[in-house]
Structures are given as structure tokens and as C-alpha cells.
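Beneath this line is the structure, given in C-alpha cells, with notes to follow.
The values are calculated or read from the model by the stated rules, or taken from the named source; none is laboratory data. A quick note: this is a predicted structure, and the numbers were derived from the prediction, not measured. Cβ sites come from the backbone with ideal geometry, for glycine too, and all protein chains shown count toward neighbours. Note: accessible area is taken over every heavy atom of the protein model, side chains too, but ligands, DNA and RNA are not part of it. Shrake-Rupley method; radii C 1.70, N 1.55, O 1.52, S 1.80 Å.
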Amino acid sequence: MTPKSQRLLVYTVFFLSGLAGLGCQMIWSRRFGIGLGHEMPSVLAVVAAFFGGVALGAWTLDGVIGRSARPGRWYAALEIIIGIWGLLLVALLPLANEFALRLIGLQPSAARHWVAAFAIPLLALLPATMSMGATWPAMERFASPLLPGGKCIGLLYSLNTLGAVAGTLTSTFVLAPALGFARALLLLSGVNLLCGVVVLFLEQLRKDDAASFEPTPSPLPGGESTTGARNKAPLLGGAGGGSTVLMRDRDSSPNTGRQSRRRLDLTLFVTGLLGIGYEVLGVRVMAEVLENTIYSFAASLSVYLLGTAIGAGIYHRFGKHISTDQLRPPLLIGLSATCLLGTWALTGAQKIYDRCRVALGDTLAGGCAAEAMVAAVVFGLPTILMGATFSHLLQSSRREHDGVGRAMALNTLGSALAPATFGVVWLPALGAKWSLVVVAIAYLALLPKLSGKQYLVMLVPLALVVLLPQRLQVVPPPPGGKILEYREGVMDSVAVVEHFDGHRSLLVNNRFTMGGTGAADAARRHAHIPLLLHPHPQRALFLGLGTAITFAAAGTHPDLSGEGVELIPEIPGVLRHFEPHNKLRPGLNVHAADARRFVRVSRESYDVIVADLFHPARDGAGALYTREHFHAMRQRLAPGGVFCQWLPLFQLDEAMLQVIIRTCLEVFPHARAFLLRFNIDTPVLGLIASEGPTGYSSDWFEQRVRDANLIQELKALALPDAWHLFGCFVAGPTALRDYSRNADVNTDDRPVVIFRAPQFAYRRKQTPHQLLFRLLDRIQSDPAELAVETSSTGRTQSFSVQLRPFVQARNVYLRGLAEESEGRLAGALDAYVESARLSDKFSTGYARCLTMAVQQSKAKPDEARRLLERLAEAQPSRPVASELLRRLFEP
């Protein structure tokens, strides 16, 4: 094999190593996120654990690898260890998650939570991450003789990081969705094993080439032959140069003094801290612009990595021969200036994204491309300079026996500390804008002694600070309204906005509306419907508080105590803006915790568990619809308990609805579907289930609702009787099973919802009621499934018979709302009248006609008269239409 072929093979190996390494990191993080939860300590600690293991491996093994005559064997062994441990982690990760959950507990102290969330992933991943960290000095030693002078760091870093870009995209868009996490890890681990085997092959070639090159020995001073000298420093594939050339290059490094070495070490550490800090802050602000799906983060991370790869490649091509004094000051000043330019670009990120969405189309590919464009504007220039700066610092740090491992370790250690430093400390204290300014100015603090001209150039980034707005807040006030409160958290931003009509809404990341006073009645129905389907609930669990209006509604049920769990820690601090709608009485307690972790760790039993609306496309929310999570909630139900999962039909496509229904039925085979209310703007479906089959007698509502306050509350919410409660029924388990028969099951290993739900989120032009009508068309409601044998069986059967036309009238009424929303008033009126004719118990369509007749009585009296006449004929048992007709049109 020629030297050129060997070089290409080495470069391919390091590219594939980066692909497998980042692909594994993405999947490991996802698996720990599913297991440990998405709370701040868990998310940040897992990142720190990964970086910490990499830093430890680079630091501890750098010296021994540097002194080895066979670095290729070291590299091969390290890749094989990564591959083998990756295979073992497929089985070990679930066990590690389970152990960590027990260690963290239900309500841990901050210290305990951080330590457990850091220590368990660190130890579980340590063999792999330490080996990953040590591959860098091993590959650098192995590949250095391939290039004149041994200066290959920029090229290797560029190739490895390009592999990381490929690993990010491949694992997120291809491997994990198609294979699931476990099989994707098996494949990626196989890539690591392949890299190790290939380098062993190259190492054998190197050995054979060295053995075949046996010139006639000639004596050297000290009695040693030239053959012996060559055997001590064998060549790779016959390439020119050797270890003596490499020694001379490293010994000539400008940073040979102790003071310069300390300064270089400090620069390596701080640039790692600042580089990841800029990424953390940039991603945090862009979350208010992008769609916040699993693909949003992948697009941003890929752009960040691609920029560093380009910068490293540019350094390898043009910068490796430039002296430190000439190169480092411009790089650091450029980093400072471009970070500030990226910060300024964040102020226009929403406009950039909107224009890109229009240009690139309303598809998943178009949405991801638009997100990548925004990330390129924010990350592009800074990351190119970061890649060049890191390559320059690594090249400067090369030493004969320690190589680049020490430098890599220091830089990675800074990276490990960055998420906590900037996300937990600086962001809450200073806000996003000034935290980003701190990053930019800190680069200037690393500058060595400058000349007069360089001092003038340094003023450029300082002047850019003036261009920044007073506050880096993407959330705009609504038309005619204002922002009452805005909080920046490390995971999410939270805003309370007041609209022109005085109603208030809760926004998370400027994307997700978590309820508000304008929809308070609907929010309260979220609590009442499942609670009313239990004979006497005493303990309830509510997952996902939002404004806490739903949770507060549970307080009207006497003798009920409850726990409310909210993931975003900033939300409880803004709940006061939604009083008195969310006033919590004693016995209702709020917890800031991850819902999955809370359910898994808790040992309490609950009569009713209500899982509120979780935005399916939001990154991480899909884990709340998995079979394992449903199973955990079933374990928390008391005997005869009721579980309810509310689903936002206006944020789902039919395929994802079928996936969630089938997954729920896997755990709750007797689940039924209920509508939240009779509307089409934001239709919501509830999957309500118990451990076994349940039925309801005709007098269920009267026996269940006896408290005077509760009666008044339910009347105000259009739930005055059994007709309006059980009239929300959509389908029983048999119909649901038929509807979802061909759908996939959403599991922790193969979270279908996480990967497929975003396809709907990126399509902006969607009719909110489209899925509702597809569901009603494909499922035939049979209210008789609700009945139970009692002493008054005849009465119960009569109730079921009368409930059937009520449900038919409801469906016709909903069609009328759709007709009206699309401007077809005549069709809407026909539907409303027909709903009144179908069932005299269904009064909603009847009332809607009365309202429209009054509105038209002056402008269009003939049409109003005909409408009232038709209404009186359709439902003669109700005298209101006839009386209104006489009052409006008779003298």
C-alpha cells in the first residue's frame, strides 16, 4: 500500500471515529435524558460527565502514549475498547438509569441531585469516554510522520469534527428513527471496532515496511548501527521523516518556558469554557425562534461543529507555519468581535427564520434548513475562528513525550464546566445579552502583550457592545398588549403576556402556549372530566401544571388532596399572574420536577392521574407518551384508579395520534376516548382508562356530584348533567384498537413520537380541526359501551339509547362550527338546526341558532324569522324559539 493510500485510510478512520463518537454521545444523552429526566441538573450533569471522561482520558494516557513506539496499537486498542463498551452499554444504560433514579429520590437536595446525575453517567460511560479522549494523542502520534514536519493537528481535527457533523445528522435523522437507540448504538459501536481493526492493519504494514527496509549496517558513534537507530524510530508506510524530525519540530515550539506554558494551559482551558459557553447561550436564545424539536438541536449543533471543522481546515492550509506572536492576537480579537456580531444577529433571528421558512417551504426539510440558516448566522464566523484557534493552540502545545493529550484535556475540562457556569450562574444573574458579552470580552483577556496597532484593533469588539439592544429578548408583546414578566432559564424562557382584552397567557420559549385566563374554562374541564369518572377520588396527581388553572379546579372536589408536577422551574414563580383562576387550596401541593422521574420514583398511589397537554413535537415531550411511561403511571394507580392523557389534536397528525392510542392500549387495554369540549379551534382528545373494564349507571352523575360548590362550578363549565359529561364520549377500546391497529408502539428505545411528531410542527398551514373530523369519520361511537349492569338496568339502557342521538347531534354541531369558520353560514345553520332535531338533550346547537337569530333580526329579519321557525319545528319540546319568534316579529 502506497503512503498516499495509507494517509487516506488514516483520514477516513479518524472521520469515522468522529462520526461514531458524536453519534454515540447523542444517543447516550437521549437515553440518560429519558431515564434521569429533563431537569436542569440531569441534562447539564450528563454533558459534564461526558466531557469529564474525555478530559480524564486525554490527561492520564497522554504521557504513556507519547512514550510508546507503537501509538497505532494504542489507538486501535482504544477504538476497540470504545466499541466493546458501547455494545455493553446497550444493556447497562437502563440499569444505570434505574440506579440513578433510586439514588436521586423523589425530592432530592440540589447537591444530591447534581452529584447523582453526574456520577452515574460519568462512571457508566467512563471506559468509553476515557478511551475517546486518549484517541486524540494516539492518532496524532500515529499520523504525524505522514506529513512533512508532522504538523497534522489542524487536518486531523477538521476531519474528526466533520465526522462529528455526520454523526450528529446520521444518528438523529437516520439511525435512531429507523433502528431505535439500541440497534443504532450497536451499529455505531461496530464502526469503532472497524476503526480499531483498520489501524491494526496499518500498524502491521508499518512494521512490515520497517522490517523490509534493512540497509547495510554502518557503525555509529557509541557502537550503534544505523539499522538500530531506524528500528527505534520506525516510519509509517515508508513516509519520509521520522521521530527525529518530529522531535526537532516539537523542541522548537515557542512555548518552552514555564511561564508561557502556564499561559498556554490557561488559554486552552478558558477557550474551551468560552466556546461551549457561547454555544449554550446561543442555543438558549435561538430556542425562542426555532421549533424546539429534536431536529432543531441537531441542526444547530451540526452548524456549530461544521464551523469549527472549516476553521481547523483553514488553519491547516494557511496558518500552521505562522508564528504564535503573529497569529494568536488576531484570532482572539476576531473571536471577541465575531461573538458580538453573532449576539447582534440574534436580535434579528426571528425575521431571518421567517424569511427562510417562506423561501425553503413548509416541510420538515425546509424547516430544518431554515433552522440551520439561523444557526449559521449566529455560529458561523465565531466557530470558524474557534476551530482555527483550537488547532493553533494544540499545535503550539505539542511536546515530545506528552503530545497533545494534556492540551486536549484542559480544553475539554473547560468545555465540561461551561454549561453549568453560563447556564446556571451567568444566565440567571446577567441575562442572555450580558452573558454573551462576558464571553466576548473574556477572549480579549487572554491576549498576550500587544503592539500599538493591535490595541487599536482590540477596540473594535468593545465598540460593538454599543450596537447591542438593552435586552436580548426575542418574545414580542402581543398587539395592543404587553409583557408582564419574562424569565430566562437555562433550559427554557418563560413569559407572561397580557392581551388587549386583559386576558393573560403563559408562553414557553415564545413557541408554546401553556394556557391562560382566556381558556380558563377549558383548563378546568381538564381536571373535572377524569375526576368525575371516578366514584370518590381522594388523591390525584397532575403532570404538567402550566398556569395551574387545571390543578386548582381539582380543589372544588371535596376531600381531594393532590400533587402537581411541573418540569420548568421558572413557571411556579409566575403563577401569581393567573390568580384568582389558579388559587390553590390547602392540600394541593406543587413540585418542580420531571414528570417521568416523579412517577418512577414515587411510591404513592393515586385515585386519578391526569397527564395534561404535552406538545408532542417539543424535544423530549415524546418520552411522556412511551409504553414505559404509561406502565409507570399504571403502577401509581390505586385500585379502581383512573388515568387520563389529554392529547392536543390541533398539534398532531393522524399517524402520531394512532401511535399514541396504540401505545396507551398496550398498557391500558380498556382505554376510552373523550372530547374535552365541543369546539374546533383547539380540539382536545382524552384517553381515559382504568386497570380493568368500567361502566357507569344512569344515575352516576347525580350520585357523584352532591357538593353545592361543585355543582355550581360544573354548571358554569357546561357540565351540568350526565348528558354533557358522557356526551363527550368518542370511542371505546374496541373502536380505538381498530383505529390504531397498524400503528407503531412508542417506546423508550424507539421513541417514534420524538422523531415523527416534528413533521407536523414544521407544517405551518394546518387546519386545527382536520384531525378531529378524520377521527370522527373513522370511529363509530357506541355509548352503550359506557353502561354497567345495575338494579336499574332498564333505566341505564334507556339512558344509553338516548345518549346515542346526543353524540350524533354533537358531531353534526361540530361540522356546523367548521362551516361557520370557513364562511359558509347557510351550511352552518343547517347543521345547527339538524343537531337540535337529532336530540332534544343537546342544547348547544339550539342556543347557537337563537343567538344568531337575534343578531340577524334587524339587519336580516326574514332570514332570522325562517331560522326560528325551522328551530321551533326541529325541537318542538323547547318553547324558547317560538317565544322569541313572537317577541321579535309579532306586534
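What is the distance in Å between the Cα centroid of segment 852-884 and that of segment 182-208?
Result: 81 Å between the Cα centres.
With r defined as the distance between the Cβ atoms of S561 and H503 and R0 fixed at 22 Å, what FRET efficiency is calculated, to the nearest 0.05? Each step should come with its number before you reach the end.
Working: r = 30 Å, r/R0 = 1.37.
Plugging the Cβ-Cβ distance into 1/(1 + (r/R0)^6) gives 0.15.
Using the Cα centre of segment 605-693 as the reference point, and only Cβ charges (+1 on K/R, -1 on D/E), how large is the resulting charge dipole? Debye, rounded to the nearest 20.
Working: 7 positive and 9 negative charges, 33 e Å.
For segment 605-693, the charge dipole is close to 160 debye.
Using the beta-carbon distance between D362 and L179 and R0 = 22 Å, what value does 1/(1 + (r/R0)^6) give for FRET efficiency, to the nearest 0.05? List each step's numbers first, then the result.
On the way: r = 28 Å, r/R0 = 1.29.
It comes to 0.20.
Tell me which residues come under 5 Å, amide H to amide H, from V590 once H is placed; ignore anything under 5 positions away on its chain.
Result for V590 returns G564.
Hey, rough spin-label estimate for E869 and R764, points 7 angstrom out along Cα→Cβ, what's it come to in nanometres?
About 4.8 nm separates the two model spin labels.
How big is the dipole moment of segment 602-657 about its Cα centre under a simple scheme where the beta carbon of each Lys and Arg is +1, that of each Asp and Glu is -1, and everything else is neutral? Debye, nearest 20, please. Write down the numbers at each step before the final one.
Values: 5 positive and 7 negative charges, 46 e Å.
Here segment 602-657 has a charge dipole of around 220 debye.
Output ³J(HN,Hα) for segment 552-562: one whole-Hz value per residue in order, computed from phi by the Karplus curve 6.51 cos²θ - 1.76 cosθ + 1.60 with θ = phi - 60°, and x for Gly and Pro.
5, 4, 5, x, 7, 8, x, 6, 9, 10, x
So how far, in whole Å, is the C-alpha centre of segment 724-777 from the one of segment 54-124?
39
Evaluate the charge dipole of the chain about its Cα centre and quote only its size in Debye, nearest 20, assuming +1 on the Cβ of each Lys and Arg and -1 on the Cβ of each Asp and Glu.
Numbers: 85 positive and 69 negative charges, 398 e Å.
Rounded to the nearest 20 debye, it is 1920 debye.
Return the carbon/sulfur percentage of the accessible area of segment 813-876, one whole number, probe 1.4 Å, all protein chains in place. Write down the numbers at each step before the final one.
Details: 1510 of 3160 Å².
Reported share for carbon and sulfur atoms: 48 percent.
Among C195, Q712, L447, flag the residue with its Cα farthest along the positive direction of the charge dipole of the chain, charges on Cβ as +1 for Lys/Arg and -1 for Asp/Glu.
Among C195, Q712, L447, the one farthest towards the positive end of the dipole of the chain is L447.
Give the residues of segment 128-142 whose amide nitrogen is closer than 15 Å to a point set 7 Å from the Cα of T60 in the direction of its Cβ.
Label zone hits: 128-135.
Distance cut-off 23 Å, Cα to Cα: go down the list K151/K449; K4/K320; K482/K765 and report the pairs above it. Let's see the in-between values first.
Numbers: K151/K449 26 Å; K4/K320 21 Å; K482/K765 27 Å.
The answer is K151/K449; K482/K765.
Report, to the nearest whole %, how much of the accessible area of segment 49-174 belongs to carbon and sulfur atoms, 1.4 Å probe, protein only. All intermediate terms of the calculation are to be shown ahead of the outcome.
Details: 3280 of 4350 Å².
Carbon and sulfur together cover 75 percent of it.
Can you grab the distance from the C-alpha centre of segment 643-714 to the C-alpha centre of segment 528-583, Å, no decimals?
Comparing the Cα centres of segment 643-714 and segment 528-583, I get a distance of 17 Å.
If the chain between R471 and R774 were fully stretched, how many nm would it gain, using 0.36 nm times the residue separation less the Cα-Cα distance?
Working: separation 303, 0.36 × 303 = 109.08 nm, distance 4.53 nm.
Stretched fully, the R471-R774 segment lengthens by 104.6 nm.
On a full-extension model of 0.36 nm per residue, what is the gain between A369 and H670, subtracting their alpha-carbon distance, rounded to one decimal in nm? Don't jump to the answer; show the numbers that get you there.
Numbers: separation 301, 0.36 × 301 = 108.36 nm, distance 4.26 nm.
Length difference between fully extended and current span is 104.1 nm.
Under a crude label model (7 Å from the Cα following the beta-carbon direction), how far is S821 from A784 in nanometres?
That separation, rounded to one decimal, is 3.3 nm.
What list of ³J(HN,Hα) values in whole Hz, one per residue of segment 700-713 in order, does the Karplus curve 6.51 cos²θ - 1.76 cosθ + 1.60 (θ = phi - 60°) give from phi, with Gly and Pro shown as x?
Each residue's phi maps through the Karplus curve to give 4, 5, 5, 6, 7, 10, 10, 6, 4, 5, 5, 4, 5, 4 Hz.
Which of the following values of Cα extents along the principal axes in Å was calculated from the structure shown: [x] 127, 58, 48; [y] 92, 85, 47; [z] 114, 69, 51?
[x]
Run the simple label-point estimate for T12 and Q635 please: 7 Å along Cα→C-beta, distance reported in nm.
Taking the simple label geometry, T12 and Q635 are separated by 4.7 nm.
Just to be sure I follow the definition: excluding the sites themselves, where is the longest run in the chain that has none of the chymotrypsin sites (Phe, Trp or Tyr not before Pro) in a DSSP loop with at most 15 other Cβ atoms within 10 Å?
Numbers: sites that count: F213, F500.
Longest site-free region, per DSSP loop and neighbour criteria: 501-891.
Each residue of segment 825-835 in turn: what ³J(HN,Hα) in whole Hz from Karplus with 6.51, -1.76, 1.60 and θ = phi - 60°, glycine and Pro shown as x?
With coefficients 6.51, -1.76 and 1.60, one gets 5, 4, x, 5, 5, 4, 5, 5, 5, 5, 5 Hz.
Once neighbouring chains are kept in place and the probe is 1.4 Å, which whole percent of the accessible area of segment 569-662 is contributed by carbon and sulfur? Spell out each step's value before the answer.
Working: 1560 of 3070 Å².
Carbon and sulfur together cover 51 percent of it.
Indicate, rounded to the nearest 5 percent, the antiparallel portion of the DSSP beta bridges found entirely in the chain. Can you show the working numbers first?
Working: 27 of 47 bridges.
If we restrict to bridges inside the chain, about 55 percent are antiparallel.
Given a Förster distance of 45 angstrom, what is the FRET efficiency for E579 paired with R886, based on the Cβ-Cβ distance and rounded to 0.05?
Values: r = 46 Å, r/R0 = 1.01.
After rounding, the FRET efficiency stands at 0.50.
Using the heavy atoms of the protein chains alone and a 1.4 angstrom probe, what is the accessible area of the chain per residue in square angstrom? If you can, show how the numbers build up before the last one.
Details: 34890 Å² over 891 residues.
Value for the chain: 39 Å² per residue.
For segment 725-867, place one equal point scatterer on every Cα, skip the solvent, and apply the Debye formula. What is log10 of I(q)/I(0) at q = 0.09, 0.14 Å⁻¹?
Values, matching the q order: -0.43, -0.86.
Which whole-number percentage describes the relative contact order of the chain, with Cα contacts under 8 Å and a sequence gap of 6 or more?
11
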